[in-house]
Amino acid sequence: MTIALERAAAATTSPVLPAVTPPRRARIVLTPKTALAGQLDGAWWPRSRDLEAELPVLVAALAEPWGRITRVTVNPDRWPVIPPKVPVAGHTVHVGWFTEQDPDKLIVLSYTVGRWDLLVVPPQTAPAAAARLMAAASVPGSVLTAGALIAAEAVIGRRPDVRSREDAWEDEGGAGMSPIGSPARQPVGPLSAGAWW
């Protein structure tokens, strides 16, 4: 009897299926189509510095607006391993590197459409900073380079809250303090000979 119960329990137990994870989506923003040509055509925020893992996701996302991506170039300063070829859905993307290329930029080449330059937001960037960088990189006609945007964000990320700076200015005498600690009044008429302001 025990054997029958174990068989029945085993028969009703559903097999354990591996967890299905949804495919990762590329975190990209592209510059709107316009006549204004800028330094960048958008931004890409990869999840790691692993080109073999990250490029297929990016290429799949760019296939619809830009066609088949055939080549990508990077600067080796930001990518620890640069494979010469990366297999993606049905074809191979050739990967090149140039030390003269802006380290914070990825150049994408399509066989049929052309070239696009994307800002590469560092993977460890906080979401708020990444959103600022991606918005700035997608402004049509912008003259800011990838390196300039990253440098500007580094400065913004270190600054204290703007309101706190204004309060400090006021507290430290920035508003023109009188000798007794309250803001000095501006004289309305001519000054007398012994006036201290």
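Read the figures in this text as sums done on the coordinates, not as results from a lab. Quick caveat, the model's predicted, so the values are computed rather than measured. Because the Cβ atoms are built from the backbone with ideal geometry, glycine has one as well, and the counts that use them run over all protein chains shown.
Seen from N75, the other residues with C-beta closer than 10 Å to its C-beta sum to a net charge of -2, counting Lys and Arg as +1 and Asp and Glu as -1.
The slack between S48 and A63, meaning 0.36 nm per residue of separation minus the straight C-alpha distance, is 3.3 nm.
How much net charge surrounds I107 when only the other residues with a Cβ under 14 Å from the Cβ of I107 are counted, with Lys and Arg +1 and Asp and Glu -1? So the environment of I107 carries a net charge of -1.
For H91, neighbours were defined as the other residues whose beta-carbon sits under 11 Å from its Cβ, and their charges (Lys and Arg +1, Asp and Glu -1) total +2.
What is the ratio of the Cα radius of gyration of the stretch 81-148 to 2.2 N^0.38 Å, where N is its residue count, to two decimals? Display every interim value, and only then the final one.
Numbers: Rg = 13.9 Å, N = 68, 2.2 N^0.38 = 10.9 Å.
That ratio works out to 1.27.
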